[in-house]
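The values are calculated or read from the model by the stated rules, or taken from the named source; none is laboratory data. Worth saying up front: this structure is predicted, and the values here are computed from it rather than measured. Here Cβ is always computed from backbone atoms with ideal geometry, including for glycine, and neighbour counts include all displayed protein chains.
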Amino acid sequence: MIIHFTSNFRNLRSILSSCSFRLSYCGEYFGDNTGKVISRAAHPMVSFSAFSDDELKSKVVTYGGYGIGLTKDWASKQGLSPVNYIDANSPAAQGLNALLRARQTGLIPSILRLPIIQLKCFTKHVTGFNSYFKEANFNFEAEREWRFVPSKTQIGGNLISENFSTYKNNKEKYNKRLEKYPLPFSYEDVSYVYVKTEVERQEIIQITGLPERKLKIKLWSEK
């Protein structure tokens with residue numbers, strides 16, 4: 001099962017009412033083993049974490065106290081993939097850094113420019129700086145992240161890699177462009193929905209018609 005976590009009940013209700021996840025650009029960096037940033041960009045995505053229901057009670061979840069769990073069969077059909085966590089000292093990191101540098105300096109054929117970014121969109125350091133929590137040496141690997149990153153065609157020709165500084169100065173404009181291209185699911189794809197109270201649980205059952213066994217009170221701790 002993969003789970004999309006969210007921070008409030010309003011967001012959860014909106015996702016379930018629309019049977020879709022809104023995409024947004026997310027700032028990502030990749031650097032070398034000296035700490036130098038080789039690439040900093042914003043990519044459109046929806047993020048999930050791969051946990052079983054039994055595991056959740058022992059987890060500290062990074063981004064919220066509500067969640068929607070979906071099947072990996074749905075994930076596969078939609079083109080999601082687990083993130084590839086790479087240690088900065090590894091040959092894999094050195095290889096990706098070399099490709100990113102070659103792309104930046106025009107030393108590769110134009111036909112390879114997009115594939116390099118597609119690889120980078122699904123690659124993350126094992127540990128590093130977490131801008132959300134302003135925390136150095138954050139353990140990203142513990143999140144077991146899966147991502148949906150669309151193709152340009154799926155988002156109306158918008159780019160899957162935007163300059164981070166440009167994006168940061170006008171986040172609303174860039175994310176507005178993605179509103180017409182949500183990631184859909186059906187109630188049949190839902191494994192579980194996690195809420196905080198019994199009142200919320202009953203409200204979601206009424207809104208969605210999901211069986212009661214699929215609605216659970218969350219047991220995990222929040223960071």
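Structure notes:
- Among residues of segment 1-14 that are at negative phi and at pLDDT 95 or above, those with a beta-carbon under 6 Å from a residue that is crowded, with 18+ Cβ neighbours inside 10 Å and part of a helix (DSSP H, G or I) at least six positions away or on a different chain give the pairs Ile2/Ala75; Thr6/Leu12; Phe9/Glu200.
- Within segment 64-108, the residues that satisfy the criterion of being closer than 16 Å to Phe140 by Cβ and free of Cβ contacts under 8 Å to residues at least 40 places away in the same chain are Asp87, Ser90, Ala92.
- The set of residues in segment 150-199 being hydrophobic (A, V, I, L, M, F, W, C), free of Cβ contacts under 8 Å to residues at least 24 places away in the same chain and within 26 Å of Leu16 (Cβ to Cβ) consists of Val199 alone.
- Residues that are surrounded by 14 or more Cβ atoms within 10 Å (Cβ to Cβ) and closer than 30 Å to Phe185 by Cβ, drawn from segment 82-105: Pro82, Val83, Tyr85, Ile86
- Number of residues in segment 207-223 that are part of a helix (DSSP H, G or I) and either on the phi > 0 side of the Ramachandran plot or aliphatic (A, V, I, L, M) (or both): the value is 1.
- Within segment 133-149, the set of residues being closer than 17 Å to Glu28 by Cβ, surrounded by fewer than 16 Cβ atoms within 10 Å (Cβ to Cβ) and either touching a residue at least 24 places away in the same chain (Cβ under 8 Å) or under 18 Å from the mean Cα position of the chain (by Cα) (or both) comprises Phe133, Asn139, Glu141.
- The set of residues from segment 158-206 being in contact with a strand residue (DSSP E or B) (Cβ under 6 Å, 6 or more places away or on another chain), assigned to a helix (DSSP H, G or I) and of a type in the set (Gly, Ala, Ser) is empty.
- Filtered residues of segment 118-132 (kept if within 16 Å of the chain's Cα centre (by Cα) and in contact (Cβ under 8 Å) with a residue 12 or more places away in the chain): Gln118, Leu119, Lys120, Cys121, Phe122, Thr123, Lys124, His125, Val126, Ser131, Tyr132
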